[in-house]
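Novice: The structure under discussion is supplied below as structure tokens; questions concerning it will follow.
The values are calculated or read from the model by the stated rules, or taken from the named source; none is laboratory data. Nothing here was measured: the structure is a model prediction, and the numbers come from that model. Positions of Cβ are generated from backbone atoms using ideal geometry, with glycine treated the same way; all protein chains shown enter the neighbour counts. Ligands, DNA and RNA are excluded from the accessible area calculation, which covers all protein heavy atoms including side chains. Shrake-Rupley method; radii C 1.70, N 1.55, O 1.52, S 1.80 Å.
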Amino acid sequence: MVLTRRGRTQQRQQHQERLKRNRNDEPAVVTDDEQSDDCSMPLPTGAQSRDHPPMMIPDPNNNSNRPQHGVASAGTTNLRQIGLLACLATGICSCYLCYGIVQERLFSKSSPHGEAVRRVGPITTFLVMTQCVGNTAVALLWTWVQRNVMRAVAVSRESEGSSAKKKTSGGVVVLDRGRPTAESAPPATTAVAIQVLNHKLLLLTAFCYFGAMACSNESINHVSYPTVVLAKSSKLIPAMVAGVLIERRSYTTREWVGAALITSGIIIFNWTRMSAQNGVGKEGDGDSPFGLLLLLTSLAMDGALSACQGGLKRSTGQYRPPTAMEFMMYTNTYSFFFLLPASAWSGQLHNGTTLFLQSGADAAAARRWIYLLNATAAAGQVFIFLTIHCFSSLMCTTITTTRKFFSILLSVRHFGHVFSNLQWSSIAMVFSGLYMEIAAKLNRGGTAAQAQEKKKA
């Protein structure tokens with residue numbers, strides 16, 4: 001092809017303009033003529049704008065080319081958190097309400113299967129150990145399903161992305177000169193540190209869970225049951241104290257007042273209820289110092305458990321926070337290794353094994369109730385660890401503490417008992433404390449979300 005002087009001049013000008021655009025990092029404008037033959041004559045300007053509009057290649061590093069989505073407001077975030085918290089709290093309360101009903105049926109004195117359970121002796125520690133096995137199995141199954149679903153979604157997105165890359169304008173792939181593409185860029189050589197789970201802290205968490213439960217169960221042999229109920233009603237305060245001393249957390253005045261109202265309301269309600277039924281003062285006269293020490297140890301273990309759970313949620317150095325199901329799986333796995341020798345030492349492992357090896361309709365019915373009890377416990381733990389993962393261990397403690405209160409409240413109301421003025425006041429204290437705790441939590445979460453969005457901006 002023979003070019004005239006005018007054609008060569010226009011070709012040089014066109015080449016200089018392309019070099020200038022590349023130096024200034026402007027979006028490349030590629031016409032049909034440039035795609036077909038760089039040496040050909042360009043169309044007139046009017047023809048380009050009318051018949052052959054230029055194809056704009058957006059700069060991937062320019063944020064103005066990307067669709068800007070509106071940042072969710074704090075109100076929308078709070079509504080989502082309220083909805084999620086309501087679902088998780090409903091799941092915890094529902095599962096453990098069913099757990100209480102099944103447990104009552106299992107140990108019923110009027111049923112044949114209850115008589116079969118009483119014949120073999122106490123099996124409380126053995127049941128908790130079997131629940132750890134069931135909880136671990138549920139967490140493993142959940143993790144396996146989640147991993148396969150995420151893998152299928154990733155493969156689907158990858159296939160969609162590869163098919164979208166093949167769809168170009170007229171089957172022509174236009175490269176931005178002067179810039180390496182994703183295919184031509186050299187592989188990254190920066191070493192990325194791989195974070196692992198903190199199994200030492202997970203083991204300590206399981207030990208605190210086991211210690212709190214063991215001390216609480218053993219204290220019943222040395223103090224009255226009302227004393228145990230009143231002491232365990234105040235475990236929200238030790239959880240916050242442990243958060244300050246161990247995790248170096250700072251709580252607002254609203255959170256402290258809310259916790260105090262919840263604890264005081266539950267203690268007053270339980271004290272007035274049991275005082276009217278049995279007389280707390282008479283039963284409390286036989287409380288031994290050793291039993292009270294066991295209760296204090298149980299509350300301290302509850303506080304340490306909350307602090308360990310909060311510490312596991314933070315990513316520090318080489319350790320990453322576990323997912324909800326990893327949290328559930330390892331906590332129950334390590335707890336099993338503490339419960340197994342305790343169950344064998346107390347003789348309950350032998351009692352439980354005897355019950356499972358017995359033949360007869362009564363023993364078979366008791367085993368079915370045990371399976372159902374373990375299923376409700378596993379479902380409840382799923383909601384508990386999701387609450388810890390999505391919110392905090394303190395919020396989970398608040399839900400589990402008030403759950404028992406609401407269960408007693410519904411039970412008392414179901415049997416037609418009339419509440420006294422002091423009991424109504426304690427109920428109002430609990431609801432006021434719950435409102436303050438949830439409001440403080442949502443306010444803290446909304447402030448953190450706004451700060452994160454500002455940092456990203």
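Novice: Looking for whichever is modelled with pLDDT under 90 and either out of contact with any strand residue (DSSP E or B) (no Cβ under 9 Å at 6 or more places or on another chain) or outside any loop (DSSP other than H, G, I, E, B) (or both) here; the options are Phe290, Phe336, Phe356. Which one fits? Reasoning before the result, please.
Specialist: Values: Phe336 fails: modelled with pLDDT under 90; Phe356 fails: modelled with pLDDT under 90.
Sole residue among the options that is modelled with pLDDT under 90 and either out of contact with any strand residue (DSSP E or B) (no Cβ under 9 Å at 6 or more places or on another chain) or outside any loop (DSSP other than H, G, I, E, B) (or both): Phe290.
Novice: Can I ask one more? Identify, from the list Leu372, Leu394, the residue that is more than 22 Å from Pro238 (Cα to Cα) and part of a helix (DSSP H, G or I). Spell out how you get there, then give the answer.
Specialist: Values: Leu394 fails: more than 22 Å from Pro238 (Cα to Cα).
Unique residue meeting the criteria: Leu372.
Novice: Confirm whether Leu305 is modelled with pLDDT under 90, crowded, with 21+ Cβ neighbours inside 10 Å and in a helix (DSSP H, G or I). Don't jump to the end; show me each part of the working.
Specialist: On the way: modelled with pLDDT under 90: no; crowded, with 21+ Cβ neighbours inside 10 Å: yes; in a helix (DSSP H, G or I): yes.
No: the conditions fail for Leu305.
Novice: Only residues in the stretch 199-224 that are farther than 18 Å from Lys313 by Cα and touching a residue at least 24 places away in the same chain (Cβ under 8 Å) count as the first member; pair them with residues that are small (Gly, Ala, Ser) and assigned to a helix (DSSP H, G or I), Cβ under 6 angstrom, at least 6 apart or cross-chain, and list the lot.
Specialist: Close Cβ pairs (under 6 Å, with a partner that is small (Gly, Ala, Ser) and assigned to a helix (DSSP H, G or I)) amount to Phe210/Ser335; Ala212/Ser298; Cys215/Ser298; Ser216/Ser298; Ser219/Gly291; His222/Gly291; Val223/Gly291; Ser224/Gly284.
Novice: Report whether or not Ile384 is under 24 Å from Glu255 (Cα atoms) and touching a helix residue (DSSP H, G or I) at 6+ places or on another chain (Cβ under 9 Å). Show your work before the answer.
Specialist: Details: under 24 Å from Glu255 (Cα atoms): yes; touching a helix residue (DSSP H, G or I) at 6+ places or on another chain (Cβ under 9 Å): yes.
Criteria met by Ile384.
Novice: In addition: Please name all residue pairs, on different chains or six or more residues apart, with Cβ atoms under 7 Å, provided the first residue is in the stretch 304-325 and is within 14 Å of Cys390 (Cβ to Cβ) and the second residue is surrounded by fewer than 21 Cβ atoms within 10 Å (Cβ to Cβ) and among the β-branched types (Val, Ile, Thr).
Specialist: Qualifying pairs under 7 Å: Met325/Thr143.
Novice: Quick check on the stretch 318-330. Is at least one of its residues modelled with pLDDT under 90 and either over 22 Å from Phe210 (Cα atoms) or part of a loop (DSSP other than H, G, I, E, B) (or both)? Before you say what the answer is, go through the steps one by one.
Specialist: Going residue by residue through the stretch 318-330, those that are modelled with pLDDT under 90 are 318.
If we keep only those that are either over 22 Å from Phe210 (Cα atoms) or part of a loop (DSSP other than H, G, I, E, B) (or both) too, we end up with 318.
The answer is yes, given that some residue of the stretch 318-330 is modelled with pLDDT under 90 and either over 22 Å from Phe210 (Cα atoms) or part of a loop (DSSP other than H, G, I, E, B) (or both).
Novice: Let me ask something else. Could you give every pair whose Cβ atoms fall below 8 Å, whose first residue belongs to the stretch 118-146 and is without any contact (Cβ under 8 Å) to a residue 60 or more places away in the chain, and whose second residue is open to solvent by 20 Å² or more (accessible area, probe 1.4 Å), counting only separations of at least 6 or pairs across chains?
Specialist: So the pair list comes out as Arg118/Phe107; Arg118/Lys109.
Novice: In the stretch 246-270, what residues are among the hydrophobic types (A, V, I, L, M, F, W, C), in contact (Cβ under 8 Å) with a residue 24 or more places away in the chain and surrounded by fewer than 17 Cβ atoms within 10 Å (Cβ to Cβ)?
Specialist: First pass over the stretch 246-270, keeping only residues among the hydrophobic types (A, V, I, L, M, F, W, C): 246, 256-257, 259-262, 266-269.
Checking the rest, the ones that are also in contact (Cβ under 8 Å) with a residue 24 or more places away in the chain come to 246, 257, 259-262, 266-269.
Across the stretch 246-270, the qualifying residues are Ile246, Val257.
Novice: Given the options Ala152, Ala231, Ala193, name the one that is more than 30 Å from Leu299 (Cα to Cα), in a helix (DSSP H, G or I) and modelled with pLDDT under 90. First the steps, then the outcome.
Specialist: On the way: Ala231 fails: more than 30 Å from Leu299 (Cα to Cα); Ala193 fails: in a helix (DSSP H, G or I).
Step by step, each of Ala152, Ala231, Ala193 is checked, and only Ala152 is more than 30 Å from Leu299 (Cα to Cα), in a helix (DSSP H, G or I) and modelled with pLDDT under 90.
Novice: Just wondering, is there one or more residues in the stretch 271-281 that are in a loop (DSSP other than H, G, I, E, B) and either modelled with pLDDT under 85 or crowded, with 17+ Cβ neighbours inside 10 Å (or both)? Before you say what the answer is, go through the steps one by one.
Specialist: Here is the first cut: in the stretch 271-281, the residues in a loop (DSSP other than H, G, I, E, B) are 278-279.
Okay, now just the ones that are also either modelled with pLDDT under 85 or crowded, with 17+ Cβ neighbours inside 10 Å (or both), so 278-279.
Checked against the condition, which is being in a loop (DSSP other than H, G, I, E, B) and either modelled with pLDDT under 85 or crowded, with 17+ Cβ neighbours inside 10 Å (or both), the stretch 271-281 yields at least one hit.
Novice: When you scan the stretch 361-373, do you find a residue that is open to solvent by 80 Å² or more (accessible area, probe 1.4 Å), over 17 Å from the mean Cα position of the chain (by Cα) and modelled with pLDDT under 85, even just one?
Specialist: no
Novice: Out of Ile388, Ile408, which single residue is surrounded by fewer than 21 Cβ atoms within 10 Å (Cβ to Cβ) and β-branched (Val, Ile, Thr)? Give the derivation first.
Specialist: Numbers: Ile388 fails: surrounded by fewer than 21 Cβ atoms within 10 Å (Cβ to Cβ).
Result: Ile408 is the single residue among Ile388, Ile408 that is surrounded by fewer than 21 Cβ atoms within 10 Å (Cβ to Cβ) and β-branched (Val, Ile, Thr).
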